[in-house]
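Accompanying notes for the structure given below.
The values are calculated or read from the model by the stated rules, or taken from the named source; none is laboratory data. For clarity, every value in this text was computed on a predicted model and none was experimentally measured. Quick reminder, even Gly has a Cβ in these numbers, built from the backbone with ideal geometry, and neighbours come from all protein chains shown. The protein model used for the area step is the full one, side chains on, heavy atoms only, and it has no ligands, DNA or RNA in it. Shrake-Rupley method; radii C 1.70, N 1.55, O 1.52, S 1.80 Å.
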Amino acid sequence: MNTQNIIDQTAEFVKEKLHNQESGHDWWHVYRVWQNAKQIGVKENADMYVVELAALLHDIADYKFHDGDLTVGPRVAREWLEKLNIEEGVIQHIADIIENLSYKGADVENKISTKEGMVVQDADRLDAIGAMGIARCFSYSGFKGNPLHDPEVEPKMHTSFEEYKKNVSPAINHFYEKLLLLKDRMNTVTAKKMAEERHNYMQGYLDQFLAEWDGKK
Ligand code: ADP
Ligand code: NI
């Protein structure tokens, strides 16, 4: 099987598997991350075979929907890639990327280490900010039953993944706990540039939201 066939079949597998998923982590999230990753990866001279497969498989079994277990995603990805007879080095690289991709709290160290991992992480994080980021934040928050906003609940800078996972804070707090921090945490120069416009859009939205909250606009 040639590499294009492998990518096409993987896209079909993911589409099938995620079609009923919560709308912020469904096939269309993966599709957007895949497109972002292609844009960034080419400019950063990354190995595009690894980038595309890791982008496609990155949320195949997200810990948020598997009792906080970070090992399910890499395991399901590995099983799929083994079925396609992909070489072990490539499989291990992709499994490592998936295992280390997720945001784990504002003050928790990022363990992503290869260029391809950095590209896919940036692509995923771009979909967490801007117009898409706003939509996904409210969608996930509604899915969890959390409030839109509560001015009496202060945002928290989480220092451990355990604490971050348990968090049930209002949607607006998530902007301060993660989304507004992402612009300065992009790994690649290309994604840093792409993040700028999305960040400013989100900041403008928050200013308007908070002004409307107090009847000032
Ligand atoms: P990652 O994709 O790095 O695993 P997260 O699990 O933190 O990142 O979140 C992915 C997306 O899900 C966020 O960008 C956001 O849109 C949404 N999300 C996660 N946690 C929350 C939350 N507590 N409140 C609102 N939205 C959230
Ligand atoms: Ni994702």
Compute, for region 1-66, the length of the dipole vector about the Cα centre, with Cβ point charges of +1 (Lys, Arg) and -1 (Asp, Glu) only. Units Debye, rounded to 20. 120
Using the crude model of +1 on Lys and Arg Cβ and -1 on Asp and Glu Cβ, and no other charge, please compute the dipole size for region 108-217 relative to its Cα centre, in debye to 20. 280
Compute the orientation-averaged projected area for region 88-217 from the convex hull of its Cα atoms and round it to one decimal in nm². 8.7
Calculate the spin-label point distance for R75 paired with E154, positioning each point 7 Å from the Cα along the beta-carbon direction, and give it in nanometres. 4.0
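Mind checking the per residue accessible area of the chain for me, 1.4 Å probe, whole number of Å²?
Result: 50 Å² of accessible area for each residue.
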Given labels modelled 7 Å from the Cα in the Cβ direction, how far is it in nm from T3 to D107? 4.3
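With the Cα gyration tensor of region 2-124 in hand, give its eigenvalues times 5 under a square root as the equivalent ellipsoid semi-axes, listed largest first in whole angstrom. Can you show the working numbers first?
Working: eigenvalues 72, 61, 43 Å².
Values for region 2-124, descending: 19, 18, 15 Å.
What's the local net charge at L126, with K and R +1, D and E -1, over the other residues with C-beta under 13 Å away? Intermediate results must be reported in sequence, preceding the final value.
Values: positive: R32, K38, R125, R136, K183, R185, K192, K193, R198; negative: D122, D124, D127, E196, E197.
With Lys, Arg at +1 and Asp, Glu at -1, the net is +4.
Pairs K144/K183; K43/K115; K115/K183; K115/K156: which exceed 22 Å Cα-Cα?
On the way: K144/K183 25 Å; K43/K115 12 Å; K115/K183 18 Å; K115/K156 30 Å.
Listed pairs above 22 Å: K144/K183; K115/K156.
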Any chance you could check the Cα centroid distance between region 1-31 and region 70-116 for me, in angstrom? 16
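Per DSSP H run of at least 4 residues, take -39500 (n - 2.57); add these up for the chain, divide by its residues and hand me the 222 nm value, nearest 500 deg cm²/dmol. Mind dumping the intermediate values first?
Numbers: 10 runs with 133 residues, N = 217.
-19500 deg cm²/dmol, from helical runs alone.
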For region 34-55 versus region 130-201, the gap between their alpha-carbon centres in whole angstrom: 24
For every other residue with a beta carbon closer than 11 angstrom to the beta carbon of H25, add +1 if it is Lys or Arg and -1 if Asp or Glu, then tell me the sum. -4
